[in-house]
Structures are given as C-alpha cells and as structure tokens.
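The block underneath contains the structure these notes are about, expressed in structure tokens.
Rule-based calculations on the coordinates, nothing more; no lab input. Predicted, not measured: the structure shown is a model, and the values here were computed from it. Positions of Cβ are generated from backbone atoms using ideal geometry, with glycine treated the same way; all protein chains shown enter the neighbour counts.
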Amino acid sequence: MLIDRYTHPEMGKLWREGYEYDRWLEVELAVAEVMAERGELPAKALLEIREKAKVNPTRIAEIEKTVRHDLIAFLQAVVEEVGEAGKYLHLGLTSSDVKDTALSLVLRDSGELLLKDLADLRSALVKRALESKDVVMVGRTHGVHAEPLTFGLKLVLWIAEIDRQSERLQQAIESIRVGKISGAVGTYANVSPEIEEEVCEHLGLKPAYVSNQILQRDRHAHYVTTLALIGCTLEKMTTEIRNLQRTDILEVEEPFAKGQKGSSAMPHKRNPIISEQVAGMSRLLRGNALAAMENVALWHERDMTHSSVERVILPDSNILLDHMLRQMTWIINGLKIHADNMKSNLLKTYGFTSSQRVLLALVDKGCMREDAYSWVQQAAFKAWEEGKELRHVLLEIPEVMNYLTPEDLETLSDWSYHLKHTDDVFKRLGLIKA
C-alpha cells in the first residue's frame, strides 16, 4: 500500500491490511445464509456460524506461514473460532469465489468514494468558473498568443471533462459490480447458479454471466484504466496551472499556506508543488493501468500471475487518485486568479488577437482570402518588430484601406466580439440559466 502521507482515512480503511478478511467473511456468511434458506445447511449451524465467526488477522498470518495459502489460512482460523459448525463454511466453493467477489465489493466502495471526490472537484470548478466568467485573458496555441477568451471558459472546459470522467467511472464501477459463486473452473458442479444469484443479490452485486476459476480481468483493467484516464485529466489541469504560474506569465497561482516555504536556498520562491505532485502521480496511474491490462491474459481457466500485481496496483491506484482529487479540489478552491496580469499579457501582442477578424472583414468586403491573409500577416510581423498596434500598422497599408475604414479597424479590435457566446457555453452545462 502507498505511504501514509498520500492515504486518507475513508479510502485507506478499504485497503488496510486485514480489511479483505472482513469482506471474505461477509461473502462466506452470505453463502451460508443462502444455503440455509434453501435447506442445504442446518439452521442451527448457521446460527452458530453467525454468532462465533470472526476474523483474527494474527492467527491467519501464523497459519499462512505453514500453508502458504491466504484463503485456506483464513478459513482455518475462522473454523477454529466457530468449532463444529465451521465444516459448513465454504461448501462447494473455490478460493476465488470468495476473494474475487469480496474484491468487487471493495472496488465498488472505492469507486463510490472517487465519484464523491469528482463531485467535490466539480463543485469547486463551478464556483470558480462563475466567479471568472468575465475575466478576459489571452488564449494560446503552441504557447503563442491566439485570441481572447475568459478564464471562466477555460474552467468550463475542465468541468465538461470531469463530467465525462464521472460517467466513465460509473460505467467502470458497474463493470466490476459483479460476483462469482460458481466453484472450481466455473462449472457450478458443487454449487448452483441459483445460489450465486441469491448471494450476489444479498451483497448488492450482479452475478457474472459466465466465469471460470475467476472473474475475468478485463473488468479490473477497465476500472484501473478509468482511474488512469481521470489522472490524465488532473495532469492536464495542473500542467495548465503550472504554466500560467510561471513568473513571466503569472496569471494564476496555486495556494501557498501561511508558514509554507518554497526553497531551502531562495526565500522568495512560491512553487506550484501540489500541481507538480498531482502531475507526477498521474504517471504512476498510467503505469498501473498497463499492469492491469497485462493481467487480462491468463493461462487456461486461471493462473496466479495477476494476483501479486493486483495486491499493489489496486490499493495504490485507488488511494492515489483519491489523494490527487482531494489535492486538485484544494488547488481550485484556493487558486489565486490575477485578472490584471491576464489583461496585461493580452496587451503584450499589440492587438494581434484581432487578426482573424480583420481577415474576415476584408473577405466580407470582397477581397480575395489569400490577399487579405498576406496583408494582415505582413502588418502583424511589422507591428511586432516595431512595437506598434496592429490597427495602426494596417492604416499604413493602402490595399487594406481600400476596403476598410479607421473606424472599422477600431471596431474590429474590440475584445467583446470574441466573447459574445461565452454565456452560451455556460448555459449548455446548466451553470447559468438559459
């Protein structure tokens, strides 16, 4: 499991050492109850099992040293507690009936926690997007100034992506919300499909339509790759924040707590370390996703190559993403938005951001597009070299002035034109009323 500094209590308890034993017992008890209801297990034995069955991790560890099989060690330790009635536990089952079904319970609960984290992040993004809906900044492509937009619109883009990721996670949870009580190699030779259906219903799971010795690992790969994809979105967001926090841009800054220090050598530093942490952790998630995909192809009805891998990647991926989402929400809630710097940076390129408007206006007046493009490009390059406003240089080009007036150029430089449909995007996501 990951180091404690990245583990939060709610998620951590689902993956703490020994928690899987509680879920194994939950599955074993569910099977016993269903069998008792069907008359396949004495009611008196069920009462004794319910009363006495408990998990003793220390004893399980002692037994496992000898038997070298965790589920057998678990069963032996539980039977020691239960006594004679313990012989009715695990009837007709194979180890993976218990372990895989229990794992589905843990993944389901972990996924539900992550959905809550995503909802919290979305709420933070919505709040900040509405606050900055009219905060004008320059849009950049290839790192170069393009056209104006608002910071709120940038955040709305992230909100829409979080919504898609929430949908994907819900689908992944549904894919893993299955159980298997079909016995060795999945033939139901010693336990009936009806028992499987009733046990799964009791546990809040769906029975797998078909299984062999295990639940098929495409389900787990779907889940882990979904977590990795969510991590990609968080990395995308933090990469943008880190770029916008660069000293020569400084349009936003992640929170910097009272008493926090940025450098052991340079007291002036306020570094985007949490954004960097989240970006770095996304690499771990992608690595785990690859390992999960490697687990899909197993020998015949099963082998054990997936087991050791999952002991690492499943707790780590869930704990990691839980931490990353919490950190991202903290960043967004406390993000400093420097609107004055955004406006100042927009002004650095002498009105180049209106170049497309001028081009289109020339075409609208009857000019050939290639000619218009050439004249505006020539004017932009000259304006950059001489440090002049684009509209002032355009006034010096006779070909342009054959089509446009000085008043036209003044109007074409108005930023509000670029932002006239910003509210429509907010309305699409239901952030403001239509």
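Here the mean projected area of the convex hull built on the C-alpha positions of region 234-323 is 8.0 nm².
A full extension of the chain between residue 266 and residue 209 corresponds to an added length of 14.4 nm, given 0.36 nm per residue minus the alpha carbon distance. Report, to the nearest 10°, how far helix 43-52 tilts away from the longest principal axis of the Cα atoms in the chain, using its own Cα long axis and a range of 0 to 90°. The angle comes out at about 60 degrees.
Report, in debye and to the nearest 20, how large the dipole of region 1-91 comes out about its Cα centre when Lys and Arg carry +1 and Asp and Glu carry -1 on their Cβ.
Result for region 1-91 is approximately 120 debye, rounded to the nearest 20.
Taking each of 116/258; 87/180; 116/420 in turn, the alpha-carbon distance tops 24 angstrom for 116/258; 116/420. Since only 339, 105, 362 are under comparison, the one whose Cα sits farthest along the positive direction of the charge dipole of the chain, derived from C-beta charges on Lys, Arg, Asp and Glu, is 339.
For the chain, what is the relative contact order in percent, using Cα pairs closer than 8 Å and at least 6 residues apart in sequence?
17
Anisotropy class assigned to the chain is prolate, per the alpha carbon gyration tensor with a/c at or over the 1.5 cut-off and a/b larger than b/c.
Counting other Cβ atoms within 10 Å as a rough exposure proxy, the listed residues 58, 94, 422, 239 run 58, 239, 422, 94 from fewest neighbours to most.
Between helix 218-244 and the chain there is an angle of about 30 degrees, using the helix long axis and the longest principal axis of the Cα atoms.
Here the dipole of region 38-112 is about 120 debye; that uses its Cα centre as origin and unit charges on the Cβ of Lys and Arg (positive) and Asp and Glu (negative).
Of 350, 250, 267, which is farthest towards the positive pole of the chain's charge dipole, taken about the Cα centre with +1 and -1 on the beta-carbons of Lys, Arg and Asp, Glu respectively? Positive-end residue among those listed: 267. The fewest-to-most ranking of 421, 306 by surrounding Cβ atoms within 10 Å reads 421, 306.
When the label point is put 7 Å from the Cα of residue 84 along its Cα-to-beta-carbon vector, which residues of region 2-45 have a backbone N closer than 14 Å? Under cut-off, by backbone N: 42-45. From the alpha carbon centroid of region 279-318 to that of region 56-109 is 23 Å. The ranking of 300, 90, 145 by Cβ neighbour count inside 10 Å, starting from the fewest, reads 300, 145, 90. Using the Cα centre of the chain as origin and beta-carbon charges of +1 (Lys, Arg) and -1 (Asp, Glu), tell me which of 183, 314, 434 is placed farthest towards the positive end of the dipole. Of the options given, the answer is 434. Springs join every pair of Cα atoms under 10 Å in this Gaussian network model of the chain, and among 377, 327, 213 the largest mean-square fluctuation is at 377. Working from Cα positions, state the angle (0 to 90°, nearest 10) between the long axis of helix 305-334 and the longest principal axis of the chain. Computed tilt is about 40 degrees.
Considering helices alone, the calculated mean residue ellipticity of the chain at 222 nm is -20500 deg cm²/dmol, with DSSP H runs of length four and up weighted by -39500 (n - 2.57) and normalised per residue. On full extension, the segment bounded by residue 373 and residue 115 gains 88.0 nm, given 0.36 nm per residue less the C-alpha separation. Available extension along the chain between residue 13 and residue 59 is 14.5 nm, counting 0.36 nm per residue and deducting the alpha carbon span.
The charge dipole of region 205-300, taken about the Cα centre with unit charges on the Cβ atoms of Lys, Arg (+1) and Asp, Glu (-1), comes to about 240 debye, rounded to the nearest 20. The calculated FRET efficiency for the pair residue 51 and residue 311, based on their C-beta separation and a Förster distance of 30 Å, comes to about 0.40. In terms of overall dimensions, the C-alpha atoms belonging to region 1-91 reach 49, 30, 18 Å along their principal axes, ordered largest to smallest.
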